[in-house]
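The block underneath contains the structure these notes are about, expressed in structure tokens.
Please treat every number below as a calculation from the coordinates, not as lab data. Just so it is clear, the structure is predicted and the values come from calculations on it, not from any experiment. Neighbour counts are summed over all protein chains in view; Cβ atoms, including those assigned to glycine, are modelled from backbone coordinates with ideal geometry.
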Amino acid sequence: MNMQLPRQNQIIKLAILAVGGQGGGVVSDWIVHLAETNGWYAQATSVPGVAQRTGATIYYVEMVPDRGRTPVLALMPSPGDVDIVIAAELMEAGRAMMRGLVTPERTTLIASSHRAYAVSEKVASGNGIADAGKVIETARKTARRFVAADLEAIAVKNGSVISASLFGALAAADVLPFTPESFEETIKSGGKGIAASLRAFREAYDAALAPVPEPAGAEPVSAAPVPTGPEKLTRQYRELIARIDGELPAEARDMAHAGLAKVIAFQDLAYGEEYLGRLVRISALDHDLGGDGKDRALTREAAKYIANAMAYDDVIRVARIKTQSERFHRVRDEVRVRDEQVLKITEFMHPRMEEVCGMLPARLGRFIEVRPRLFKALDRIVNRGRHVRTDKVSWFATLYVLGGLSRLRRRLLRHQVEQGHLERWLGETERVARLNYDLGVEILRCRRLIKGYSDTHARGLTRYDRVLSALPMLEQRQDGADWLRRLRDAALKDEDGTALAGALKTVESL
Amino acid sequence: MAERSFAKEVQQLKIGAGEEFRGEGILAITKALLQCGVGYVVGYQGAPISHLMDVLADAQDILGDLGVHFEASASEAAAAAALAASVHYPIRGAATWKSTVGTNVASDALANLSSGGVTGGALIIVGEDYGEGSSIMQERSHSFAMKSQIWLLDPKPNLESIVKAVEDGFELSEATNTPVMLEVRIRSCHVHGRFIAKDNQRPQMSVKDALEAPRRDTQRIVLPPASFLHEQEKIRKRWPAAIEFIKSRKLNEMVGPKRGGVGIVLQGGMYNSVIRALQRLGLADLYGSSMVPLYILNVTYPLVDDEFLAFCKNKDAVLVVEEGQPDHLEQAFGHMLHKAESLTRLHGKDYLPMAGEYTGQAMLDGLSGFLRDKAPELLSAKIRLPNAPTAPPDVSHLAQVVPMRPPGFCTGCPERPIFSAMKLVERELGQHHVAADIGCHLFSIMPPFNIGATTMGYGLGPASASAFNVPAKKRSIAIMGDGGFWHNGLASGIGNAVFNKNDGVILVVDNYYSAATGGQDILSSRASNKTRSTRHPIEDAVKGVGVNWVRRIDRTYDVSLMRDTLREALTTGEKGPKVIVASSECMLNKQRREKPLIAKAIQDGKRVVKPRFGVDEDVCTGDHACIRLSGCPSLSVKQLDDPLRDDPVAAIDQSCVGCGNCGEVADAAVLCPSFYRADVISNPSRLDRFLAGLRQKVIGFLQRRRDRKSLIFAKAEAAP
């Protein structure tokens, strides 16, 4: 028998990994069509079914020159035996590598560099997003060739779907023995949206020829933001910026610029001055504690978290944001309203008596708060979901007036509560920093735990208190800062606090 | 109306002799049925055979012309029972379902059918949902074939072989008065290939002919004494006839060299994987010519003793390639070799895995292990004694990076708010025992919802909570879909609960379709269907069997109402089952139905309001509580280019269909004011434009007024 060993090497093996609903089947169908019209024999399989519903799914194509006899082709990809892997999302490229489908000897990996976050990444209280850089780095080492571009963005930009841009990247990779024209013919041969698909195809073709971009890192912030506004205010603002540049260390200036902008937008220039006053004090302490050798971490983190603490999320702030002209423009952009269309905006608000009390003058607010029956009675009137139409004059005006209350803010209950908390937090930071510099920095960072509104906000406060309850155990420890960081990470892990409880147990046992 | 339209594929069903058919395996089977003069086709949808049902549903005209009756059965049991039409009449009939789950349901009827036997060919096409992509327990259909004595075909996974198996199957059934099962795996159902077609045949006898000229034969009815005779007949008459037919028609194949010390016995369905492994070992060519003798079992039950023993003659060892467990084939072959006092060594699950799918790698490892031990001379030096094996690149660190991506609810799915509401009730009243069921709603068991303790079978959700029928401080909650409800849940779940005075809560998820299987119509579907009777409300059926406490929710997206209704059901003093019917249309199907209509309306200049949701990123604090109550694919996160922010904020992408769940959840759970709904009016009316203009004037004035007095900081763009 004449065995023609090299023959099987002529089979081109191609796997497509996609997220259900992305339309991986369309690419697969196109590839079969492309092969067949070019005189190749192609076989494609998939495992659809329930797995298609938003889960990871895989399509597999094998092709070989058609010589009139029926070849025997495999129905599933095998590790180490795939020539081309197309990943319709970056983590799916990672999954392809984990499955061993990408090997340095033979596999061209074509991936869309965009991310469709998995549920597990999205539900974290903090930042659960997987490290895209690691996948890209591994792909460079693992694939024979790695082609990547944001093919989803290209598709959306051209009013098409990712199948078209994946197909374009496949054509550009030049791994199938067919011409780009032939690829285009395939798109033209079927169905809907041909013009948009061709646009996406061509743009993806060009993008895939470019080198793979490095994953975006944090861009250094440079100059202070330059606001527009009345001459008098901009002049005062420039004076504050001059103070930052004169009185704060270089390492903390960028953050202080951003922080200043945030607190001024929250309240006014005087509030910005208050912010700088606090910051300068911390900076002096930082200097005394030898922070120069530590990158002035205390000042930098203070610049960040004091701004966040001062610009707390109250009704006035929300009302102001919701009524800003800039926000209206952003909404129109986001939902892509064309000029001839009309836009209605509905907000989902659910005020409770707690929020109303916060908006009252401090004494009146406290008066109600300490009377549970009165509080409850009023809550029954206030506490309900309200669908607010901010494109209508009546509701807009209501929110506009609420937003205008910022002038009175300093006298309101919520402000006093927040100020009290802020002072205690900074006092604690200063006290501990003198004993243990790094631990002081970590206390500042714990401010991250406080976020959200109503119940979420209350939960955040509880989490913050629980994490800081470990301070007495950590103050004297060299590695106290590490432990506080671990506690904070644990607190951000799950909502019911299981991870945090476990971490606290560990700290207690130290 | 199913999720996918098969108008194009239907045209391929019409092609005649000599023309080439190109398409999916399951469609090739459909065409083969028509070529064989089938008189009726019945079945129950489910991957991987849904497309067979869908394409026939879309091909009513062709079927009508040929005089073929097609029916979407209420369950697999109903489908199997329909094969009774082939008991007394020489009509060819086919039934199809997902296996093994469907075969489980059908087994009562199948056992009766195979006891009495058939006159017309009865073919059961089972889509074997095994291995990667499977959504069910991992079992074999083979066991069912053995216990009821139904012949089992397992053809090579290419269109020609599968089509031939359909033809052979009908003939084998008729020659032996025995139903025949044709087993096709997931990938062969979906494999794209080609075959040369034949003309469609009108049935020899139609069901109409039979109905008008009824016959009966007491001998074929399962009742003593006939049932005892059936058992004898199976062994004395039908079995030998089958062996004779399989041998004379050479249904099994022996290929490769006649001589050789080793051989491989394989299920037909494993053929391509075996050849690929041999190709990679340098022992087969592209077209399947093998240097190792192969005995390919296109029929895996019954086995032909003398064929197998002849194959083993003069061989030192044979390897059985048999996917799944128990190892029925290997046991049977071992038995044959032992009785024949053969010296041939039998191998199989010692080289190949006992359990689990035979992937390319498993096959390569198994075959190379066997050949290295038993026939090293066949292997090249490179494979026998590879140089330093090239280690595959180490990517183990990716396991820490790449997140799992299990299937979940689609964007805008109406079932999501039901489970959001359940989560909220859980916060108030604590955890409950929740019995889940089969269907899309089973995705609730995964994050972010983590709801549901067991799943016992299609429509068996409420029945699986029936033991929890004792006085207690909490009630059980049972879930079932509309598909499961009509499949059997009305009797096994609702009726059972009424009769036994169950005090629990039953939640029926009504999304207007049998959605998980591809959006087929069922009794309670709202669409008007030319060939079926729909629009039979679930609540009427529930009330009809005696439930007093029934609540119907017509918009599941109303999370507050959903939550309040659930709370009431769990706390009301009323006795007996509390049934909530939560109805909203499956979004996948709704979009498919409405998208073209909306696009056309906009094009025609009609006023169209399209809702979409968004998040104000300045208001969002990045806690993601909203996502923990939703998990919608379009509700995602994005990293802002703001050094003051640690955590990504929620963001809604372009795929949002405006279902409103996120806004409702934010409201019901009192989360935050970040969400907004944007209603975009295309082709606005004069009044719309007038009002918008007026409002914009006032709002614009106020905004300019405030802007004039404050410092405005331009916002940085979001990071890509």
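Relative contact order, percent, of region A:12-209 when contacts are C-alpha pairs under 8 Å separated by at least 6 residues? That works out to 20 percent. Peptide B:133-139 has a mean of 3 when you count, residue by residue, the C-beta atoms of other protein chains within 10 Å of its C-beta. Taking 0.36 nm per residue of sequence separation and removing the Cα-Cα distance, the B:GLU253/B:THR571 pair yields an extension gain of 107.9 nm.
State the antiparallel share, in %, of DSSP beta bridges confined to chain B, rounding to the nearest 5. In chain B, approximately 30 percent of DSSP beta bridges are antiparallel ones. Packing-based ranking of B:550-558, B:53-61, B:569-577, A:178-186 yields B:53-61, B:550-558, A:178-186, B:569-577, ordered from highest to lowest mean Cβ neighbour count within 10 Å.
Shown is the FRET efficiency for A:GLU475 and B:GLN400, computed with R0 = 22 Å from the Cβ-Cβ distance and rounded to the nearest 0.05: 0.10. The mean count of C-beta atoms from other chains within 10 Å of the C-beta of residues in B:639-645, rounded to a whole number, is 6. Peptide packing for B:657-663, A:273-279 was compared via the average number of neighbouring C-beta atoms within 10 Å per residue; ordered from the highest value, the list is B:657-663, A:273-279.
With a cut-off of 13 Å on the backbone N, the residues of region B:631-675 near the modelled label site 7 Å out from B:LYS610 along Cα-Cβ are B:654-658. Using a Förster radius of 51 Å, what is the FRET efficiency between B:LEU223 and A:THR37 based on their Cβ-Cβ separation? Nearest 0.05, please. Result of the calculation: an efficiency of 0.25. Cβ-to-Cβ counts within 10 Å put B:HIS142, A:HIS114 in ascending order as A:HIS114, B:HIS142, the fewest first. Taking amide hydrogens as placed 1.01 Å from N in the peptide plane, the amide H of B:TRP151 sits under 5 Å from those of B:MET181, each at least 5 positions away in sequence or on another chain.
Relative to the longest principal axis of the Cα atoms of chain A, the long axis of helix A:162-173 makes an angle of roughly 60 degrees.
Here r is the Cβ-Cβ distance between B:ARG593 and B:ARG704 and R0 is 51 Å; the resulting FRET efficiency, rounded to 0.05, is 0.70. Scaled against 2.2 N^0.38 Å for its residue count N, the alpha carbon radius of gyration of region A:12-209 is 0.98. Couplings for region A:424-437, taken from phi via the Karplus curve 6.51 cos²θ - 1.76 cosθ + 1.60 with θ = phi - 60°, read 4, 5, 5, x, 4, 4, 5, 4, 6, 4, 5, 8, 8, 3 Hz in order; Gly and Pro are left as x. Beyond 28 Å in Cα-Cα separation lie the following of the pairs A:LYS122/A:LYS304; B:LYS98/B:LYS164; A:LYS344/B:LYS600; A:LYS451/B:LYS473; B:LYS247/B:LYS339: A:LYS451/B:LYS473. Averaging Cα coordinates gives a centre for region B:606-628 and one for region B:250-289; these two points are 58 Å apart. Around the amide H of A:GLY21, modelled in the peptide plane, lie the amide H atoms of A:THR54, all under 5 Å away and 5 or more residues distant in sequence or on another chain. With contacts taken as Cα pairs under 8 Å and at least 6 residues apart, chain A reaches a relative contact order of 9 percent. Among A:TYR60, B:TYR512, A:TYR453, the ranking by other beta carbons within 10 Å of each residue's beta carbon, starting with the fewest, stands as B:TYR512, A:TYR60, A:TYR453. Residues within the reach of a label modelled at B:GLN603 (point 7 angstrom out along Cα to beta-carbon, backbone nitrogen below 12 Å), restricted to region A:157-193, are A:192-193. Between A:ARG410 and A:HIS329, the simple label model (points 7 Å from Cα in the Cβ direction) yields a spacing of 3.1 nm.
Placing unit charges on the Cβ atoms of the charged side chains and taking the dipole of region A:326-414 about its Cα centre, the candidate lying farthest along the positive direction among A:PHE396, A:VAL382, A:GLY365 is A:GLY365. Taking Cα atoms only, the orientation of helix B:416-429 departs from the longest principal axis of chain B by about 70 degrees.
Per residue of B:513-524, other chain Cβ atoms within 10 Å of the residue Cβ number 1 on average. In chain B, the longest principal axis of the Cα atoms and the axis of helix B:587-603 are about 60 degrees apart.
Hey, what do the phi angles of region B:104-117 turn into as Karplus ³J(HN,Hα) couplings, whole Hz, using 6.51/-1.76/1.60 and θ = phi - 60°, x for Gly and Pro? With the stated coefficients, region B:104-117 comes to 4, 5, 7, 5, 4, 5, 4, 5, 5, 4, 6, 5, x, x Hz. Net length available on complete extension from B:GLU341 to B:LEU644 is 100.9 nm, with 0.36 nm assigned per residue and the Cα-Cα distance removed. Computed over chain B, relative contact order equals 10 percent, with contacts defined as Cα pairs under 8 Å that lie 6+ residues apart. Helices in chain A, meaning DSSP H runs of at least 4 residues, each add -39500 (n - 2.57). Divided by all residues, the mean residue ellipticity at 222 nm is -17000 deg cm²/dmol. Ordered by the number of other Cβ atoms lying within 10 Å of each residue's own Cβ, fewest first, B:HIS441, B:HIS397, B:HIS192 fall into the sequence B:HIS397, B:HIS192, B:HIS441. Beta bridges from DSSP with both residues in the protein assembly as shown: antiparallel share about 45 percent, rounded to the nearest 5.
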